[in-house]
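K.L.:
Right, I'll just put the structure down here and ask away after.
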Amino acid sequence: MKRIAALLAGAAFSAAATSAMAADAVYDFAPVYDWTGAYIGAHVGYGWADVDRSSTAVVNSYNANGFLAGVHFGYNHQIDQFVVGIEGDIEWANLNGDDNGVGGTVDETDFNWTGSIRARLGYAFDRLLVYGTGGIAFAGIDQNNAGGVPASIQKTYTGWTIGAGAEYAFADNLTTRIEYRYSDFGKEDFAPAGLVPFSNDITSHSVRLGISYKF
């Protein structure tokens, strides 16, 4: 009887050990999402810009705000839980605002498009990626003067941008994201015919929601 009990106890112990090893194996080899690869996506968002306009006649500041929508594309490479990558985007923008006629004429700023080329560095919690981003920013901006001598000046601004975001892979090939960015387009000087020379210093903030397809 003792021998039978010992055999049963040994069998139970062996079964428990086998089950524990199997559980460990499942845990150790559980699939972890891999962020490595190229991707392309689309996004929408909202932006608001601060315009500091100065001339010999007047110094004033005003805001330009509105919606934006565009596409993005890039490549990620994952090393352990760190993810490094590069991303570019181009988007239609509808940010506009004016100074309400301060100085005697209505001065207006209109964003037509924006774009950027940026590095990304993030930390992956399996399917959740938290990241920072920064690089070169571009914007096509019109400066309009609606009084005195009407004028419209089109200019491509070049500056820098920095931001942060979070991205979640809700399917093996699909991710969604939310991202905030600050952009500084620097100071530009203008000397239009018939108008007092002036300069604009433009910065902007933006929030974007997007979806991406990972190849």
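The values are calculated or read from the model by the stated rules, or taken from the named source; none is laboratory data. Note that the structure is a prediction, hence the values are computed from the model and not measured. As a convention, Cβ positions derive from the backbone with ideal geometry for all residues, glycine included, and neighbour counts pool all protein chains shown. The protein model used for the area step is the full one, side chains on, heavy atoms only, and it has no ligands, DNA or RNA in it. Shrake-Rupley method; radii C 1.70, N 1.55, O 1.52, S 1.80 Å.
K.L.:
Residues in the stretch 79-103 near a label at VAL71, defined as backbone nitrogen under 15 Å from the 7 Å Cα→Cβ point?
P.N.:
88-92
K.L.:
Continuing with this model, one more query. Where does each of 109-116, 132-139 land if you order them by average Cβ count within 10 Å, highest first?
P.N.:
Answer by packing, highest mean first, reads 109-116, 132-139.
K.L.:
What area, in nm² and to one decimal, does the C-alpha convex hull of the stretch 135-192 cast on average over all directions?
P.N.:
6.1
K.L.:
With all pairs of different alpha carbon atoms counted, what Kirkwood hydrodynamic radius in Å does the stretch 50-190 show?
P.N.:
Result for the stretch 50-190, one decimal place: 17.1 Å.
K.L.:
Stick to the Cα atoms of the stretch 30-127, pair each with every other, and give me the Kirkwood hydrodynamic radius in Å at one decimal.
P.N.:
With all distinct Cα pairs of the stretch 30-127 included, I get 16.4 Å.
K.L.:
I've got another one for you. Stretched out fully, how many nm does the piece from ALA171 to ILE211 gain, at 0.36 nm a residue minus the Cα gap?
P.N.:
My answer for the length gained is 13.3 nm.
K.L.:
How much accessible area does TYR182 have with a 1.4 Å probe, in Å² rounded to the nearest 10?
P.N.:
Near enough 60 Å² of accessible area.
K.L.:
Here is a further query. Note the direction-averaged projected area, equal to a quarter of the hull surface, for the Cα convex hull of the stretch 160-215, in nm².
P.N.:
5.7
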